[in-house]
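Read the structure below first, then the notes.
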Amino acid sequence: MSISNQLHKIKKTIGPDVELVAVGKRQPDDLVRQALEAGQRIFGENQLQEAMSKWPDFRAKYSDITLHMIGPLQSNKAKDAVSLFNCIQTLDRKKIIDACSRHQSDLGHELEYYIQVNTGAEDQKSGVLPQQLDDLYIYATENAGLNVVGLMCIPPVDEAPGLHFALLNKLARRLKLNKLSMGMSNDYKTAVQFGATSVRVGSALFGPRDQS
Ligand SMILES: *Cc1c(COP(=O)(O)O)cnc(C)c1O
């Protein structure tokens, strides 16, 4: 199936009120171009280096692209990230919050941010633990002045995602945040049922990624 058909199919499934973040990581430029030609403008990348080599050229042609950082971020790379992305979904510690805050005021433009929550409390996974979320949220908004719009999570691979989506939804409501970035190719339909406002879909749109 063409990228255009696939895009329409996914959009129909999620409905008009849910944002589709097309995840172009490790996909050939030609497929990303096809998505752009089919009208998609919101994209996600999980690696800064790859994003920096790919998106300036596309932006020269399509000025209305919105880019989301969905991967882990190092504070010494925050300047580049804040310059390239419109939204950073992966705030999870004070150091990265400070770095984003400093660089966005230097550059004079404001981004949207999500706090990533490690809902499964997995050792190897990024994200703040649920019990530390309130502190980090207050730090990001009141101390650092960041525009935090919502929460993001990646459920453990071996657990039913719905429980994690429900938890993220509950945490967001408590903080009066109305955006929820949750759901990937395998579970975006479930995520929408649990209130996702944004889904991050890669392989279901573009096909399997380059594994190298
Ligand atoms: C790669 C990635 C996605 C997309 O994964 P698919 O399973 O291909 O849809 C979504 N979110 C994050 C954080 C990712 O790193």
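What you get for segment 86-170, charging only the Cβ of Lys and Arg (+1) and of Asp and Glu (-1), is a dipole of about 80 debye around the Cα centre. Between the listed residues 119, 103, 7, the Cα displaced farthest toward the positive end of the dipole of the chain, a dipole computed from Cβ unit charges relative to the Cα centre, is found at 7. Taken about its Cα centre, the chain carries a charge dipole of roughly 320 debye when the Cβ of each Lys and Arg holds +1 and the Cβ of each Asp and Glu holds -1. A Cβ-based charge dipole, computed about the Cα centre of segment 118-212 with Lys and Arg at +1 and Asp and Glu at -1, lands at about 420 debye.
Where the accessible area of segment 159-212 is counted over protein heavy atoms with a 1.4 Å probe, how much of it, in %, is carbon and sulfur? The C+S portion of the solvent-accessible surface of segment 159-212 is 53 percent.
Volume per residue of the convex hull around the Cα atoms, evaluated for segment 113-169, comes out as 75 Å³. In this structure the chain gives 49 Å² per residue of accessible area when probed at 1.4 Å with all protein chains present. Put 194, 85 in order of accessible area, highest first, and with a 1.4 Å probe you get 194, 85. The mean sequence separation of alpha-carbon pairs under 8 Å and at least six residues apart, normalised by the residue count of segment 38-109, gives a relative contact order of 30 percent. To the nearest 10, the accessible area of residue 70 is 20 Å² with a 1.4 Å probe. Converting the Cα gyration tensor eigenvalues of the chain into ellipsoid dimensions via √(5λ) gives semi-axes, longest first, of 26, 22, 15 Å. Shown here for segment 138-198: trypsin sites (Lys or Arg not before Pro) in loop regions (DSSP other than H, G, I, E, B) with at most 14 other Cβ atoms within 10 Å, namely 176.
Sum -39500 (n - 2.57) across every DSSP H segment of at least 4 residues in the chain, then divide by the residue count to get the 222 nm mean residue ellipticity, nearest 500. Show your work: numbers first, answer last.
On the way: 9 runs with 86 residues, N = 212.
Dividing the helical sum by the residues of the chain leaves -11500 deg cm²/dmol.
Contact order, relative form, for the chain: 20 percent (alpha carbon pairs under 8 Å, 6 or more residues apart, mean separation divided by residue count). Rolling a 1.4 Å probe over the protein heavy atoms of segment 68-135, with every protein chain left in place, gives an accessible area that is 41 percent carbon and sulfur.
Toward the positive end of the charge dipole of the chain, with +1 on the Cβ of Lys and Arg and -1 on the Cβ of Asp and Glu, the farthest Cα among 203, 145, 35 is that of 35. P(r) for segment 65-122, from all Cα pairs and a bin width of 5 Å, is 4, 20, 33, 25, 10, 5, 2, 0 %, short bins first.
The values are calculated or read from the model by the stated rules, or taken from the named source; none is laboratory data. Keep in mind that what you see is a predicted model, and the values were worked out from it rather than measured. Backbone-built Cβ (ideal geometry, glycine too); neighbour counts: all protein chains shown. Areas reflect the complete protein model, heavy atoms only, side chains present, ligands, DNA and RNA absent. Shrake-Rupley method; radii C 1.70, N 1.55, O 1.52, S 1.80 Å.
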